[in-house]
């Protein structure tokens, strides 16, 4: 049995999210929440909310025990890229790529 939570179209690059996801992969729920609380990265706040959502899904929808949950899978895939223009010298324009992410978090119960 597994419980999932998705965050789609998050306005943060997948590369930045992946750094924080690597810290919590395979950890139990309480430890993962503590790691996210103490990590000074922009993705930590988003992932903390996502972790709480996945835990709530597990407890309420799948009747899992909250004390036995651990982060089984977590990954970030690229979403659509917003293309913006930045003015430069002599009338030129540079393209700025605003990247988005789709983040998935899967919790499972320890055997």
By the mean-Cβ-within-10 Å protection proxy, highest first, 86-92, 54-60, 70-76 rank as 70-76, 54-60, 86-92
Which three numbers, in whole Å and largest first, are the semi-axes of the equivalent ellipsoid of the chain derived from its Cα gyration tensor as √(5λ)? 34, 13, 9
So for the stretch 9-63, what are the equivalent ellipsoid semi-axes in whole Å, largest first, each being the square root of 5 times an eigenvalue of the Cα gyration tensor? 20, 13, 9
Note the angle between two axes, namely the Cα long axis of helix 14-24 and the longest principal axis of the Cα atoms of the chain, as a number of degrees from 0 to 90, rounded to the nearest 10. 20
Can you sort 101, 13, 53, 63 so the residue with the fewest Cβ neighbours within 10 Å comes first? 63, 53, 13, 101
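All of the numbers you see were taken from the coordinates with simple rules; none came from a lab. Given the structure is predicted, the values throughout are model-derived calculations rather than measurements. Neighbour counts run over all protein chains shown; Cβ positions are idealised from the backbone, glycine included.
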